[in-house]
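Working notes for the structure below.
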Amino acid sequence: MKLSIITAVFNNRRYIETCLQSLSSQSHPDIEHIIIDGGSTDGTLDVIARFTQAASRYPASNAKPSALCSLPARVTHVVSEPDNGIYDALNKGIRMATGEVIGFLHADDLYADASVIGKVASAMSQSRADSCYGDLVYVRYCGQACKPASPQACNQQSESPFRTVRYWKSGEFSPDLLGKGWMPPHPTFFARREVYERAGVFDTGFKIAADYELMLRFLGKHKITTCYIPEVLVRMRVGGASNKSLPNILRKSSEDLRAMKMHHIGGLPTLIRKNLSKLPQFFKK
């Protein structure tokens, strides 16, 4: 089974290499990695070029918009051009994808281990579901390695450079959960390409909550089937766009409520439950 993984990035030289390393380490043999760059000027493109050992075939940082090239290894396509935000970039990647299943690995994120994509492929093949999802942990980078005196502060192993600050345990899906504010962690969500062809891509009218709107549309309106992988699939760095400032938090809540009303799933009580459901994630593992 071929999987298409899409990464949207803009001026993220600091973390893009870790993202690329995480994907290149995957044991599953058939992966298409599509990178949609928003026209970075901070050296992000140079990191991608060095990592793939194809600098001579890669457009320079000052390349004209709409530069498209094919690269060896896991990175199969790179587009570098201005876009209208992350969801516009992800939509470009979806339209380019040729894999049977589509997933997303944001530039700040990394997979929990080298077997994640293989587990997704197995789950999709065995269940024959339209989609699948798993658990996610929010992590903070704490140096090259954790201090031996406090290995429990880090993720699973004392040598891990990441400290878990929040554990999003998804649980099994049932349709009634949508009305209670439930959604799977979007970075762990994989869906068949034909689902996007049938049910649509991200609604770019949403600037922060298009992933939530898409979940309501897929699972609620179109009632696609899904299966749960009860393992951590993605490690996500803290500080995402939706919660990095009070204005963003308020805008996210406003867009969440708009998505609920659009699909006639819940309302203000659902929004309150959705936000309150996050609190145990800071304490419960």
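Values in this text are rule-based calculations from the coordinates and carry no lab data. On a predicted model such as this, the values are computed, not experimentally measured, just so you know. Heads up, the Cβs are rebuilt from the backbone with ideal geometry, glycines too, and the neighbour counts pull from every protein chain shown.
Could you pull out the pairs from Lys180/Lys261; Lys2/Lys274; Lys221/Lys278; Lys223/Lys261 whose alpha carbons sit more than 22 Å apart here?
Lys2/Lys274; Lys221/Lys278
Please list, ordered by chain and number, the residues whose modelled amide H lies under 5 Å from the amide H of Arg166; skip anything fewer than 5 residues away on the same chain.
When sequence neighbours closer than 5 places are left aside, the close amide H contacts are Tyr138.
May I ask you to compute the full-extension gain from Glu197 to Ser122, defined as 0.36 nm times their residue separation minus their alpha-carbon distance, rounded to one decimal in nm?
Separation in residues times 0.36 nm, less the Cα-Cα distance, equals 24.8 nm.
Please compute the modelled spin-label separation between Phe282 and His222, points set 7 Å along Cα→Cβ, answer in nm with one decimal.
3.5 nm
Evaluate the distance, in nm, between pseudo-label points positioned 7 Å from the Cα of Leu268 and of Asn84 along their respective Cα→Cβ axes.
Placing both labels 7 Å beyond Cα along the Cβ direction yields 3.2 nm.
Once you list every other residue whose beta carbon is under 9 Å from the beta carbon of Gly181, what net charge do they have if Lys and Arg are +1 and Asp and Glu are -1?
+2
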